[in-house]
Amino acid sequence: MSYYKIQNLEHYFKMYKKSVREPKKFWDKIADENFVWYQKWDKVFDVNMQEAQFKWFLDAKVNITKNCIDRHLARRGDKTAIIFEPNNPEEEALHISYNELYKRVSKMANVLREQGVKKGDRVCIYLPMIPELAVAVLACARIGAIHSVIFAGFSASAVAARIQDCECSMVITSDGGYRGEKTINLKGIIDEALEKCPTVEKVLMVKRTHETVPMKDGRDIWLQPLLDNALDNNVAEIMDAEDPLFILYTSGSTGKPKGMLHTTAGYMVYTGYTFKNVFNYEENDIFWCTADIGWITGHSYILYGPLLNGATTVIFEGVPSYPDFSRFWEVIEKHNVTQFYTAPTAIRALAKENLDYVQRFPLSSLKVIGSVGEPINEEAWHWYNDHVGGKRCPLVDTWWQTETGGIMISPIPFVTPTKPTYASLPLPGIQPVLMDELRNEIEGNQVTGSLCIKFPWPSIARTIWGDHQRYKETYFTAFPGKYFTGDGALRDEVGYYRITGRVDDVVIVSGHNLGTAPIEDAINEHPAVAESAIVGFPHDIKGNALYGFIILKEVGESRDRNNLAKEINQLVSDQIGPIAKLDKIQFVSGLPKTRSGKIMRRILRKIAEGDFSNFGDISTLLNPEIVDEIKDNRV
Ligand code: WTA
């Protein structure tokens, strides 16, 4: 039986056992039989959890784009690789074949090389969800440049911090982008960001909105004329298995964003393998993941995973609410989508609207539906399962992270029975464990604990760009010898996992990870603010929203509170992005603190949630009286 495609539950258990007992043999076979290599590996892996050192497919030579594009040309040259569905439904959808994708990526790769980009250079990509985004990402991989895609919703200072951190030499952006009824001026944001980024020498400009934008002489260049003059074939760079493929920033609970580094071969093997199995991918399927390519979900399951399997993948520029709330379902019908992969926050938002928006569409092309990014609550699970999946499409609740590169815990459709709100079982090669507060592994079922992974897998992030020490400390010290996910989980009576949420100071708002510390830093820059503490609280649609407790300085005391709140949110929006705005702001005279000065966020979380039932022992606080004041003035 094939190792690559899991056929039934018995086969799954067999493969799972093999992956644990003989991981070298397991991954050797998958890598060998399903990918093309210039040169195979000497050793499958060399790993050390204590030191956070991971090497997979040692000394193998490969280029991921040869696997995503070139190898499909003989058999699938005319097959559609990418369907582009524009924001405006009146604008025609584009079908880009594998042949055409090869040409586009080759041209772009040639342009990058002509413009001086070399193997190992970092290229920042700040583009809307248009085909050029996919092409730019693949072109970087083609020539061995490290792509750093930044979600085109981040503000100038967030963009600047990311560009500075990995010292990009080039930015690829556009005049602007469309999102629903809005037009976003991306170039304006880049211009502002680049005032603080001396490493950037060139900005390649894609035309999307055709608005007039200022062009800086010697730095900014329109891309199209360069592409028109470039050759449409390109010899791929020969990459070592462990050469960096990309950096993608994710929020930490403290400090600046972490540039997670993924390398070539392990990431390729794992995303290819998981795409095939988690979505039950078959040759003529049309796969649609609604994430943005600016997030890991888009990297792994809009681009790399599908293309590695020669699939047709949909790139959607718009939003679920434009022109109305039936857009997702319309697009599924229009393109005969077979697998649909989205986030709980989108499901909750759509479930709030009239059922007619979805019921008008038979959605009979669908075969598998998926969820990712945050825990999916019971109600949303059923709505999605009933009204989108028609109770006949398995719903795969896929748990994973930017750091893991690919899906880790998920049902396999038509193999693993699903259970509402459960991500269910680990994929082959993944060994989850639950840990208690004393750092002991919790055995048995019907238990909860901190979710760790006790053995490496091919696509584990290799480091935080420029800060290996931080990588080690963040993920490998809380539970020595294990990878700590930052999530809590429950294991039920049959061994199914349910992810209960973050156990650190990261709040997931509408599926976007936000560290509370950087938001507090932004707020504290306001001249009237003395101190602040941000916590998450449950929100019907966003999953979580942010609640800020803010202490004012004397200069702020006399000011109008509404105006202050507006200014504070503007500051957050400017520094981090509109997504990080606070839903609620409460001005307080103090914050509950321990004697060592640490803010007791646990209490603030309970107040924000409106749960005053049990604050636990507050007698050890420096200022226990503040709890009542805050509680009584909750907004
Ligand atoms: C959360 C997204 C519950 C979790 C791929 C994780 C989930 C964080 C699920 C990573 C899920 C992701 N059920 N929680 N199915 N999927 N999460 O890095 O808290 O953007 O640690 O990667 O999202 O978010 P990230």
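Can you give the accessible area per residue of the stretch 387-538, in Å², using a 1.4 Å probe? The partial results should precede the final answer.
Details: 5040 Å² over 152 residues.
Per residue, the stretch 387-538 has an accessible area of 33 Å².
Whenever you get a sec, compute what percent of the accessible area on the stretch 584-631 sits on carbon and sulfur atoms (1.4 Å probe).
Working: 1200 of 2440 Å².
C and S fraction of accessible area: 49 percent.
Using the per-residue mean of other Cβ atoms lying within 10 Å as a proxy for protection, in what order, highest first, do the peptides 90-100, 523-533 fall? Provide the component values of the computation, followed by the final result.
Working: 90-100: 15.5, 523-533: 17.6.
Result, highest mean first: 523-533, 90-100.
Tell me which residues come under 5 Å, amide H to amide H, from VAL588 once H is placed; ignore anything under 5 positions away on its chain.
Answer set, sorted by chain and number: ILE550, ILE551, LEU552.
Could you give the distance between the Cα centres of the stretch 421-484 and the stretch 262-323, to the whole Å?
24
Assuming 1.002 mPa s and 20 °C, estimate D for the chain with Stokes-Einstein, Rh taken as the Kirkwood radius over Cα pairs, in µm²/s.
Working: Rh = 25.4 Å.
D = 84 µm²/s.
For the stretch 69-78, just list the computed ³J(HN,Hα) in residue order, Karplus coefficients 6.51, -1.76 and 1.60, θ = phi - 60°, integers in Hz, with x standing in for Gly and Pro.
My calculation for the stretch 69-78 gives 10, 3, 5, 8, 4, 4, 9, 10, x, 8 Hz in order.
Would you compute, from DSSP H runs of 4+ residues alone, the mean residue ellipticity of the chain at 222 nm, taking -39500 (n - 2.57) per run and dividing by the full residue count, rounded to the nearest 500? List each step's numbers first, then the result.
Numbers: 21 runs with 189 residues, N = 635.
Computed ellipticity for the chain at 222 nm equals -8500 deg cm²/dmol.
What trypsin sites (Lys or Arg not before Pro) does the stretch 526-635 have in DSSP loop regions with at most 10 other beta carbons within 10 Å?
Working: sites: LYS542, LYS553, ARG559, ARG561, LYS566, LYS581, LYS584, LYS593, ARG595, LYS598, ARG601, ARG602, ARG605, LYS606, LYS631, ARG634; in loops: LYS542, LYS553, ARG559, LYS581, ARG595, LYS598, ARG634.
Passing sites in the stretch 526-635 are ARG595, LYS598.
Kindly write out, for the stretch 213-226 in residue order, the coupling ³J(HN,Hα) from the Karplus curve 6.51 cos²θ - 1.76 cosθ + 1.60 (θ = phi - 60°), rounded to whole Hz, with x marking Gly and Pro.
10, x, 10, 8, 4, x, 10, 9, 9, 6, 6, 4, x, 5
Using a 1.4 Å probe on the protein chains only, how many percent of the accessible area of the stretch 449-495 belongs to carbon and sulfur?
Working: 820 of 1450 Å².
Accessible surface attributable to carbon and sulfur in the stretch 449-495 totals 56 percent.
Which trypsin sites (Lys or Arg not before Pro) in the stretch 29-67 pass both tests, a DSSP loop state and at most 15 other beta-carbon atoms within 10 Å? Intermediate values should be presented prior to the final figure.
On the way: sites: LYS29, LYS40, LYS43, LYS55, LYS61, LYS66; in loops: LYS40.
Answer in residue order: LYS40.
From the phi of every residue in the stretch 428-434, what ³J(HN,Hα) in whole Hz does the Karplus formula 6.51 cos²θ - 1.76 cosθ + 1.60 yield, where θ is phi - 60° and glycine or proline is x?
Karplus-based 3J(HN,Hα) across the stretch 428-434 equals x, x, 10, 10, x, 9, 10 Hz.
Under 5 Å between amide H atoms, partner at least 5 residues away or on a different chain: which partners does VAL447 have, H built in plane at 1.01 Å?
Those qualifying (amide H under 5 Å, at least 5 residues apart or on another chain) are ARG491.
Need one number: % antiparallel among DSSP beta bridges in the chain, to the nearest 5.
Beta bridges within the chain, antiparallel portion: roughly 60 percent.
Between the alpha-carbon centers of the stretch 157-189 and the stretch 618-635, tell me the distance in whole angstrom.
42
For GLU33 and GLU192 in one chain, what is 0.36 nm times their gap in residues minus the Cα-Cα distance, to one decimal in nm? Before the final figure, lay out each step's value.
Working: separation 159, 0.36 × 159 = 57.24 nm, distance 4.80 nm.
That works out to 52.4 nm of additional length.
Can you give me the distance in nm between label points at LYS43 and SER613, each placed 7 Å from the Cα along the Cα-to-Cβ direction?
Taking the simple label geometry, LYS43 and SER613 are separated by 5.3 nm.
Among 354-364, 125-135, 467-477, how do they line up by average Cβ neighbours within 10 Å per residue, starting with the highest?
Values: 354-364: 14.1, 125-135: 24.7, 467-477: 16.7.
Going from most to least packed, we get 125-135, 467-477, 354-364.
In terms of modelled amide H atoms, which long-range or inter-chain residues lie less than 5 Å from the amide H of ASP220?
Residues meeting the criterion, in which the H sits 1.01 Å from N, are VAL203.
So which lysines pass the test for LYS25, namely a Cα distance under 24 Å, with those fewer than 8 places away in the same chain ruled out?
LYS5, LYS14, LYS17, LYS40, LYS43, LYS55, LYS61, LYS276, LYS454, LYS482
Only sites in a loop by DSSP and with at most 16 other Cβ atoms within 10 Å count here; which chymotrypsin sites (Phe, Trp or Tyr not before Pro) in the stretch 542-614 make the cut?
Working: sites: TYR547, PHE549, PHE587, PHE612; in loops: PHE612.
Counting only loop positions with at most 16 other Cβ atoms within 10 Å, the chymotrypsin sites (Phe, Trp or Tyr not before Pro) in the stretch 542-614 are PHE612.
Of all accessible surface on the stretch 173-295 at a 1.4 Å probe, what whole percent is carbon and sulfur?
Numbers: 2430 of 4970 Å².
The C+S portion of the solvent-accessible surface of the stretch 173-295 is 49 percent.
Quick one: length gained pulling VAL635 to GLN164 fully straight, 0.36 nm per residue minus the C-alpha distance? Mind dumping the intermediate values first?
Working: separation 471, 0.36 × 471 = 169.56 nm, distance 3.83 nm.
Length gained, VAL635 through GLN164: 165.7 nm.
Antiparallel DSSP bridges in the stretch 223-355: what percent, to the nearest 5? Write out the running numbers ahead of the final one.
On the way: 6 of 12 bridges.
Percent antiparallel among DSSP bridges in the stretch 223-355 is about 50.
The values are calculated or read from the model by the stated rules, or taken from the named source; none is laboratory data. Small disclaimer: the values here were computed from a predicted structure and weren't measured. Note: ideal-geometry Cβ built from the backbone for every residue, glycine included; neighbour counts use all protein chains shown. Surface areas here come from the heavy atoms of the whole protein model, side chains and all, with no ligands, DNA or RNA. Shrake-Rupley method; radii C 1.70, N 1.55, O 1.52, S 1.80 Å.
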